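Step one of this worksheet: look at the structure below.
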Amino acid sequence: MVDAYTIKMNATHEGTTMRLAECRFDSRQTVKLVKEMFSYRFGSNEDQMTLQLRDLQEQPVLTMSDDNKSLHDYNCKDDYTIHVLYTGPNTVG
């Protein structure tokens, strides 16, 4: 990844207390690609994920609903959190 495009963010999942701190993302990555990565990390089906962008105080900013948009399109910033809302039957925990 080129440093100019690197974003350092956190990741959480509603089905667990696990927090992935300081994950590095390329701002050009699509939401779909991030879901694929989280599917592996959290063990959740990506088709049943909704990603929510949260600010520094963990307050929801917006729902990242378009899988084809990039993190840059959603104005993701360093130290923000991507929170996984999961509708599947088996959540991690």
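The values are calculated or read from the model by the stated rules, or taken from the named source; none is laboratory data. As the structure is a computational prediction, the values presented were derived from the model and not from experiment. Neighbour counts run over all protein chains shown; Cβ positions are idealised from the backbone, glycine included. Heavy atoms of the whole protein, side chains included, go into the accessibility calculation; ligands, DNA and RNA do not. Shrake-Rupley method; radii C 1.70, N 1.55, O 1.52, S 1.80 Å.
Looking at the structure I just gave you, is Met18 over 19 Å from Pro89 (Cα atoms) and at pLDDT below 95? Considered against the rule, which asks whether it is over 19 Å from Pro89 (Cα atoms) and at pLDDT below 95, Met18 comes out as no. Take the residues of the range 73-91 that are open to solvent by less than 60 Å² (accessible area, probe 1.4 Å), under 20 Å from Glu22 (Cα atoms) and not hydroxyl-bearing (Ser, Thr, Tyr): which is nearest to the chain's Cα centre (by Cα)? It comes out as Ile82.
Table: residues versus (1) over 15 Å from His72 (Cβ atoms); (2) surrounded by fewer than 18 Cβ atoms within 10 Å (Cβ to Cβ).
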{"residue": "Asp3", "(1), (2)": "no, yes"}
{"residue": "Ile7", "(1), (2)": "no, no"}
{"residue": "Ala11", "(1), (2)": "yes, no"}
{"residue": "Thr17", "(1), (2)": "yes, yes"}
{"residue": "Cys23", "(1), (2)": "yes, yes"}
{"residue": "Val31", "(1), (2)": "no, no"}
{"residue": "Phe38", "(1), (2)": "yes, no"}
{"residue": "Phe42", "(1), (2)": "yes, no"}
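Among the residues making up the range 45-67, those that are modelled with pLDDT of 95 or more, touching a helix residue (DSSP H, G or I) at 6+ places or on another chain (Cβ under 7 Å) and either open to solvent by 50 Å² or more (accessible area, probe 1.4 Å) or part of a loop (DSSP other than H, G, I, E, B) (or both) are Asp66, Asp67. Scanning the range 7-30 for residues that are more than 15 Å from Tyr86 (Cα to Cα) and not in a strand (DSSP E or B) yields Ser27, Arg28, Gln29. All told, Ser70 meets the bar of being of a type outside the set (Val, Ile, Thr), within 25 Å of Asp3 (Cα to Cα) and either touching a Gly at 6+ places or on another chain (Cβ under 9 Å) or surrounded by 12 or more Cβ atoms within 10 Å (Cβ to Cβ) (or both).
The number of residues in the range 73-86 being closer than 17 Å to Ala4 by Cα and either in contact with a Lys or Arg (Cβ under 6 Å, 6 or more places away or on another chain) or assigned to a strand (DSSP E or B) (or both) comes to 1.
If you go through the range 25-58 and keep only what is on the phi > 0 side of the Ramachandran plot and without any contact (Cβ under 8 Å) to a residue 40 or more places away in the chain, you end up with just Glu58.
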